[in-house]
Amino acid sequence: MTLVFATNNQHKIEEVRSVLPPSLNIITLREAGIDIDIPEPHDTLEANAREKAATIAKMCGANCFSEDTGLEVTALDGEPGVRSARYSGDGRSPADNIVKLLGRLEGRNNRSARFRTVICLLLDGSEHLFEGICPGRIADAADGADGFGYDPIFIPDGSSTTFARMSLAEKNSYSHRRKAMDKLVAFLNTLPLKRES
Ligand code: IMP
């Protein structure tokens, strides 16, 4: 089966490709010849994921899936959550977002947080949502150079290092995105027909 993955984020593409079974082929937006900045205007990850998938399905007329991810910090009542990408303002960098988040947590004992991913699959016009959650905590300072986004300050439960100090395989063994992708793949495996497209 072939699916278009509605993202321009190369890190997400690598992570998703690394957990796919050989029977599932992912086409990126660039490979599909689509060049747009997909909007994320809504208040929930679910609504953003649905809109992204619908936008791309309309443009390419193919089965596709999208994902939206947020970092939900307990002491900040779930912030930055759905606003994770724009936490420090439009056009700011991941490093700016990290600085803002660490600043907001200064002096707080409760560092618990979780990454939450929502995937929206549009298959033959039907919509299917899958969620993946990775519980963990926010480090005292940024540490590590791998990964992307908030990886340098997120330590998943069961580990003593940040995502940014892990190989892709190690991050996958904990990650929200991998858990949501596992659910998508398990769903596809329940379908009766082997599909070509
Ligand atoms: P979006 O899903 O592309 O909207 O991402 C929201 C924000 O969370 C962006 O700032 C991303 O860089 C960040 N983000 C998404 N997934 C991850 C992840 O797996 N690790 C670290 N940061 C992430």
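The values are calculated or read from the model by the stated rules, or taken from the named source; none is laboratory data. Owing to the predicted nature of the structure, the values given are computational and were not obtained by experimental measurement. Using ideal geometry, Cβ is built from the backbone for each residue, glycine included, and neighbour counts are taken over all protein chains shown. Keep in mind that these areas ignore ligands, DNA and RNA; they rest on the heavy atoms of the full protein, side chains included. Shrake-Rupley method; radii C 1.70, N 1.55, O 1.52, S 1.80 Å.
Structure notes:
- Counted over the chain with a bin width of 5 Å, the fraction of Cα pairs per bin, in whole percents, is 1, 8, 16, 20, 20, 15, 10, 6, 3, 1, 0, 0.
- Between 0 and 90 degrees, the angle of helix 176-190 with respect to the longest Cα principal axis of the chain falls at about 20 degrees.
- For the range 1-139, the relative contact order works out to 22 percent when only alpha carbon pairs closer than 8 Å and six or more residues apart are counted.
- Cα gyration tensor shape for the range 50-119, rounded if a/c is under 1.5, else prolate or oblate: prolate
- Only Lys, Arg (+1) and Asp, Glu (-1) charged, at Cβ; the range 2-189 dipole about Cα centre in debye: 240 debye
- Viscosity 0.890 mPa s, temperature 25 °C, Stokes-Einstein D of the range 121-197 from Kirkwood C-alpha radius, µm²/s: 173 µm²/s
- Extension gain from residue 60 to residue 47, taking 0.36 nm per residue of separation minus the Cα-Cα distance: 2.7 nm
- Helix axis angle, 94-105 relative to the chain longest principal axis, alpha carbon, degrees: 50 degrees
- Computed extension length for residue 20-residue 133: 38.8 nm, one decimal, from 0.36 nm per residue of separation with the Cα-Cα distance subtracted.
- FRET efficiency for the residue 90 to residue 161 pair, using the beta carbon distance and R₀ = 45 Å, is estimated at 0.90.
- Longest exposed-site-free window of the chain, the sites being trypsin sites (Lys or Arg not before Pro) in a DSSP loop that have at most 11 other C-beta atoms within 10 Å: 31-193
- Backbone N under 12 Å from the residue 30 label point (7 Å along Cα→Cβ), restricted to the range 1-21: 8-14
- From phi via Karplus (6.51, -1.76, 1.60), per-residue ³J(HN,Hα) for the range 32-49 in Hz, x at Gly/Pro: 7, x, 9, 10, 9, 8, 6, x, 10, x, 9, 8, 10, 4, 4, 5, 5, 4
- Residues of the chain were split at every exposed loop site, defined as GluC sites (Glu not before Pro) in a DSSP loop with at most 16 other C-beta atoms within 10 angstrom, and the longest piece left, sites excluded, is 107-195.
- Probe 1.4 Å, protein heavy atoms only - accessible area per residue of the chain in square angstrom: 49 Å²
- Loop chymotrypsin sites (Phe, Trp or Tyr not before Pro), the range 99-197, which have at most 16 other Cβ atoms in a 10 Å radius of their Cβ (DSSP): 148
- Only protein atoms count toward the accessible area here, which uses a 1.4 Å probe; on the range 1-113, the carbon and sulfur part of that area reaches 46 percent.
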